Amino acid sequence: MATLIHTLADHSDDVNYCAFSSSCLATCSLDKTIRVYSLNNFTELPYSPLKGHTYAVHCCCFSPSGHALASCSTDGTTVVWDTRDGRRLAVLGQPSGSPVRVCRFSPESTYLVSGAADGSVVLWNTQSLKLYRSGNVKDGSLVACAFSPNGNFFVTGSSCGDLTIWDDKMRCLYNEKAHDLGVTCCDISSHPISDDEHGFRHFRMASCGQDSQIKLWHILFADFLGVELKYKCTLNGHSAPVLACAFSYDGQMLVSGSVDKCVIIYETTTGSTLHTLSQHTRYVTTCAFAPHSPLLATGSMDKTVNIWQVDLKQPCAANTVENESKVSVEDWSEDDVSAWLCAQDLADFVGLFKTNNIDGKELLNLTKESLANELKIESLGLRSKVLQKIEELRMKMISASVTVPDEFLCPITRELMKDPVIAADGYSYEKEAVENWISNKRRSSPMTNLPLPSLTLTPNRTLKMAISRWLETRQK
């Protein structure tokens, strides 16, 4: 649930950006000011508004400690402010004098990045507040920036549509054409999504653009291996250019704002839409989740900033209501199949399936022979993976179409179990589901929320045999 709890209407012109610290919210505007509010009651701090820029302020960001706030402007400067009293600590002029569109502190507060309309990007040393390194994107204005969680790399986005990855020595490591009509924003989740076979951590990145799309990427940062960026899927919820995107602090949600005046909150694992918020009356230009609290801020050309309370809590599995699409798989469109592929980590096949016009009915009829001969998937391992996911989908259909004995359903997923295990609370769960529950640092029972005395999982072979016999009777 997302509930509007407060609206700030102090700016006299378009709101361009908003940013949270652990205790404050900062907003900036075409009216040349930055305003800072307390999160306790959303009252403006005594030193606010901050004035000093001579033209529109495009972006603002807090240092990780929250003690400093940076803002950048069409006037060609990035200003660093002391958030304790509003003092101006430094005025950092872009060497070219070009309008500065974006600024970001690194996670360890070592650097401050400023990116400008002429494509110049500058790394400032935050201790000396002096220029450390500078560079240029190959084309267009620099309009977006996000740091890797360790601060050793950062990604920039340009108006020509490129995503560029840099290290902290300002060496360009990677360049990717991401959005045909230009990137508008990008963000990197601070929570890793997986470890590969070598133990390297991958992170989720989002980019959005003038093409009305939000793209999700998996990105690997490794000091001695460089970087690896892999496209995963596209979220198509907006009907107009997407101007802003941001991950929640736990990485479970992604929020976006658009020219269509809407704010959409997505569940990042599946790409499904959780909420669509349409209270703004003009373009939504900025959105941000608060760190470690259930607050979301959205800003707009309507001169307001809306503060939302978003439910970030995971409910007890016994009380979880399944929130999947009620459309039958047989009635899925090609786009529905594409969304399902992305959710199953099979986004590489989206183009192939669309080329072959695979809708829901065709999907359910795929076999190892048709995957090999008609879709030309040569790898046996990939064919097996696709078939396994299709079989899981068929199992879900059986669960949905008939009354399944409740004891055959996993309490976490509410789906027919394939590999049931008994946990220390005495309940049986699907093995993968309860392992994921535990890996997310939950040591409580999914059924009772009481502490688990042990994390040992024991195969429930008797239940597995009973489920197999029941399935055999259903298929006769």
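Of note:
Here's the yes/no breakdown for (1) crowded, with 18+ Cβ neighbours inside 10 Å; (2) free of Cβ contacts under 8 Å to residues at least 24 places away in the same chain; (3) assigned by the TED database to the domain that holds T27:
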{"position": "I214", "(1), (2), (3)": "yes, no, yes"}
{"position": "V242", "(1), (2), (3)": "yes, no, yes"}
{"position": "G251", "(1), (2), (3)": "no, no, yes"}
{"position": "V259", "(1), (2), (3)": "yes, no, yes"}
{"position": "E267", "(1), (2), (3)": "no, yes, yes"}
{"position": "S272", "(1), (2), (3)": "no, no, yes"}
{"position": "L277", "(1), (2), (3)": "yes, no, yes"}
{"position": "T286", "(1), (2), (3)": "yes, no, yes"}
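- Check on D162, open to solvent by less than 30 Å² (accessible area, probe 1.4 Å), charged (D, E, K, R) and either under 20 Å from the mean Cα position of the chain (by Cα) or assigned by the TED database to the domain that holds T286 (or both): yes
- Qualifying residue in segment 71-85 (condition: at pLDDT 95 or above, charged (D, E, K, R) and surrounded by 17 or more Cβ atoms within 10 Å (Cβ to Cβ)): yes
- Subset of segment 409-457 (residues that are touching a Leu at 6+ places or on another chain (Cβ under 6 Å) and in contact (Cβ under 8 Å) with a residue 40 or more places away in the chain): P420
- Contact annotation: residue pairs with Cβ atoms under 6 Å, 6 or more positions apart or on different chains, pairing a residue in segment 171-185 that is touching a residue at least 12 places away in the same chain (Cβ under 8 Å) with a partner that is charged (D, E, K, R) and in a loop (DSSP other than H, G, I, E, B), are H179/D211; D180/D211; L181/D211.
- Residue match in segment 128-143 (condition: open to solvent by less than 30 Å² (accessible area, probe 1.4 Å) and touching a Phe, Trp or Tyr at 6+ places or on another chain (Cβ under 6 Å)): no
- Any hit, segment 169-183, residues being farther than 25 Å from A240 by Cα, at pLDDT below 95 and buried (at least 22 other Cβ atoms within 10 Å of the Cβ): no
- Answer residue from segment 352-368, given it is free of Cβ contacts under 8 Å to residues at least 24 places away in the same chain and closer than 24 Å to K418 by Cβ and is least open to solvent (accessible area, probe 1.4 Å) among those: T367
- One residue stands out among those in segment 405-441 that are open to solvent by 60 Å² or more (accessible area, probe 1.4 Å) and modelled with pLDDT under 85: the one that is farthest from P451 (Cα to Cα), which is D406.
- Residue in segment 206-220 that is on the phi > 0 side of the Ramachandran plot, part of a strand (DSSP E or B) and either over 16 Å from the mean Cα position of the chain (by Cα) or hydrophobic (A, V, I, L, M, F, W, C) (or both) present: no
- The set of residues in segment 1-26 that are part of a strand (DSSP E or B) and either of a type in the set (A, V, I, L, M) or surrounded by fewer than 17 Cβ atoms within 10 Å (Cβ to Cβ) (or both) comprises A2, T3, L4, I5, H6, T7, L8, V15, A19, L25, A26.
- All positions within segment 36-57 that are open to solvent by 40 Å² or more (accessible area, probe 1.4 Å) and either farther than 16 Å from D85 by Cα or in a strand (DSSP E or B) (or both): N40, N41, E44, K51, T54, Y55
The values are calculated or read from the model by the stated rules, or taken from the named source; none is laboratory data. This one's a predicted model, so the numbers in the text were calculated from it and none came from an experiment. Backbone-built Cβ (ideal geometry, glycine too); neighbour counts: all protein chains shown. All accessible areas refer to the heavy atoms of the entire protein, side chains included, with ligands and DNA or RNA removed. Shrake-Rupley method; radii C 1.70, N 1.55, O 1.52, S 1.80 Å.
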